[in-house]
Amino acid sequence: MNSIQKLFQQKDKNLLSIYFTCGYPKLHDTVKVILELEKSGVDFIEVGLPYSDPLADGPTIQESSQIALQNGINLDIVFDQLMTIKGNNKTPLVLMGYLNQMLKYGEDKFCKKVVDCGINTVIIPDLPMVEFENHYQQLFDKYGITNVFLITPHTSEERIRKIDSYTKAFIYVVASASITGAKGAISGQQIAYFERIKEMNLQSKLIVGFGISDKKTFNTSCNYSNGAIIGSAFIKYLGINGIDKIKNFIKPVIG
């Protein structure tokens, strides 16, 4: 049983995850951000690997990736940073990156590094289902890594049920058919989508992401899922207010 599965055994409602970009705002801030998020009481942390062409990400996260890359971040540095807190950090980490990053780094080398850092769940948004079935499922199983699939308002019921059958951690419910970014209030159309997914009675846990930015949107999402991920709103706050003020962002959401 991996760390995310254990988390869901302990708590399966109102889980808060925060996405952040490694190497942002400064190169060596990765560990500082993780430790501050842990102290602030988040349930799990989505560790973003900076990438030059992040297809699923909006302007805020794209900018944070660009800054991190300009700071000199790369996968070796990220893995070295994460190794320094292995065994000390008690908050589960989920690694989010893109398929090309894994291919360039070397698939087996990438997976080994992920596991060496104490991480066993990954989100690869651009990993095609057919590639997972034909190759990556076996590769991830070899290393004990769980893959998280994303669904959107346009995902067919057939595909959702197939994803449900493969899921060992959670399904990432993309709140809107667009890139990441704070969007304001959750619309009636989005609620209808959440209700449709909830009524499917899937076996998997559901975590909502994309456009979740504050207590109101977090609570609304949790009415239809096990929890939610805040990304762009946190990145924007972090860039303006700094690491020392992270608890002031988290407290109103979970308080």
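Quick look at the values:
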read-out: Approximate spin-label separation Val130-Asp244, in nm, with each point projected 7 Å along Cα-to-Cβ; value: 5.4 nm
read-out: Local electrostatic count, Gln70, Cβ distance below 13 Å [Lys/Arg +1, Asp/Glu -1]; value: 0
read-out: Around Lys90: net Lys/Arg minus Asp/Glu count, Cβ-Cβ under 13 Å; value: +1
read-out: Two-site FRET efficiency, Ile254 against Gln138, from Cβ-Cβ distance with R₀ of 30 Å, rounded to 0.05; value: 0.20
read-out: Charge dipole magnitude, Cβ of K and R +1, D and E -1 - segment 181-242, Cα centre, debye nearest 20; value: 80 debye
read-out: Cross-link reach list, lysines versus Lys39, counting only Cα pairs under 23 Å and skipping chain neighbours closer than eight places; value: Lys6, Lys11, Lys13, Lys26, Lys86, Lys90, Lys215, Lys216, Lys236, Lys245, Lys247, Lys251
read-out: Amide H contacts of Val94 (H built 1.01 Å from N, under 5 Å, at least 5 apart or other chain); value: Ile45, Glu46, Val47
read-out: Computed label-point distance, nm, for sites Met200 and Asn219 using a 7 Å Cα→Cβ extension; value: 2.8 nm
read-out: Which labelled figure in (1) 16.8, 46; (2) 19.0, 60; (3) 17.4, 55 is Rg and Dmax of the Cα atoms in Å, once derived from the coordinates; value: (1)
read-out: Where labels lie 7 Å past Cα in the beta-carbon direction, separation of Gln5 and Leu27 in nm; value: 3.9 nm
read-out: Volume in Å³ per residue [convex hull over Cα atoms, computed for segment 52-177]; value: 121 Å³
read-out: ³J(HN,Hα), Karplus 6.51/-1.76/1.60, whole Hz, each residue of segment 12-22, x for Gly, Pro; value: 10, 9, 6, 6, 10, 10, 10, 8, 9, 9, 4
read-out: Normalised contact order of the chain, rounded percent, pairs of Cα under 8 Å and 6 or more residues apart; value: 24 percent
read-out: Theoretical FRET efficiency, 1/(1+(r/R0)^6), r = Cβ-Cβ of Lys86 and Ser52, R0 35 Å, to 0.05; value: 0.80
read-out: Magnitude of the charge dipole, the chain, Cβ model with Lys/Arg +1 and Asp/Glu -1, debye to 20; value: 740 debye
read-out: Set of aspartates and glutamates with alpha-carbon distance to Lys198 below 14 Å, sequence-local pairs under 8 removed; value: Glu157, Asp164
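FYI, it's all coordinate maths here, none of it is from the lab. Please read these numbers as outputs of a predicted model, since none were measured by experiment. Cβ coordinates were reconstructed from backbone atoms using ideal geometry, including for glycine residues, and neighbour counts include every protein chain displayed.
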